[in-house]
Amino acid sequence: MTVMTLPARPGDRPRTGPSVPHVQFTQNSPDEIRKELEQWMSTALPSTEIRPSEISEPGSTAFFLARDAHPPQGAVLLPPRLVAEFAHIHRDGSLHLALSREDQDELIAKSWGERHPLYSPTINVVMLYGPRTADELDVAKAVVASSYRYATGRPL
């Protein structure tokens, strides 16, 4: 399994909510960056379906495995079903996604995100902070690609 390698995120971590809904309060994505990420996700993730999240706040765009697809054995996707939704993007530009444990560790160590307040072995959800710049957008795409690989067993 390939583990993503991220640069250190510049600056302090943003302020996020300590409970549900888990949202980002500061350092939000500019609208054009968030829209560019959502557009990229809408076209770059084969064999996926886009629809409202089964768990996130209204207005979030979620990405699911195609109805006939299944995650690799051992992969735990987002609640409630744990086998369908692997990522969603919030209106603030942050994302919740499922990642391998190794990729979670890299994401957190390099200050790009944090575990969800309800995180557990059966709730595999991490937050990727919203990208603020074009360079951070490239990092966000790499993290989403890792989530896709984890959910499908295939590289992007």
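Projection of the Cα convex hull of segment 1-80, averaged over all directions and equal to a quarter of that hull's surface, yields 7.5 nm². Taking the protein heavy atoms of segment 1-115 in the context of the full set of protein chains, the accessible area attributed to carbon and sulfur is 53 percent at 1.4 Å. Each of Ile123, Ser56, Leu137 was placed along the dipole of the chain (beta-carbon charges, centred on the mean Cα), and the one lying farthest toward the positive end is Ile123.
Just need the Rg to Rh number for segment 7-156, please, alpha carbons only, Kirkwood Rh.
Values: Rg = 13.8 Å, Rh = 15.0 Å.
Reported Rg/Rh (Cα atoms, Kirkwood Rh): 0.92.
Classify segment 92-154 as rounded, prolate or oblate from the Cα gyration tensor: take a ≥ b ≥ c as the square roots of its eigenvalues, call it rounded if a/c is under 1.5, otherwise prolate when a/b beats b/c and oblate if not. Numbers along the way, then the final one.
Values: a/c = 1.81, a/b = 1.28, b/c = 1.41.
The shape class here is oblate.
Label reach from Thr26 (point 7 Å along Cα→C-beta): in segment 125-156, amide nitrogens under 18 Å belong to 128-133. Here the relative contact order of segment 1-125, from alpha carbon pairs under 8 Å that lie six or more residues apart, stands at 26 percent. Along segment 84-96 the Karplus relation, 6.51 cos²θ - 1.76 cosθ + 1.60 evaluated at θ = phi - 60°, assigns HN-Hα couplings of 10, 7, 10, 7, 8, 10, 8, 5, 7, x, 6, 10, 10 Hz to successive residues, with x for each Gly and Pro.
Leu95 sits among other residues whose Cβ lies under 13 Å from its own Cβ, and their net charge, with Lys and Arg +1 and Asp and Glu -1, is -3.
Between Arg154 and Ala66, the contour length at 0.36 nm per residue exceeds the Cα-Cα span by 30.3 nm.
Restricting attention to segment 27-70, which GluC sites (Glu not before Pro) occupy a DSSP loop and are surrounded by at most 15 other Cβ atoms within 10 Å? Each step should come with its number before you reach the end.
Numbers: sites: Glu32, Glu36, Glu38, Glu49, Glu54; in loops: Glu54.
Listed in order of number, the matching sites are Glu54.
The values are calculated or read from the model by the stated rules, or taken from the named source; none is laboratory data. Just so it is clear, the model here is predicted, and its values are computed rather than measured. Backbone-built Cβ (ideal geometry, glycine too); neighbour counts: all protein chains shown. Note: areas computed on protein heavy atoms with side chains; ligands, DNA, RNA excluded. Shrake-Rupley method; radii C 1.70, N 1.55, O 1.52, S 1.80 Å.
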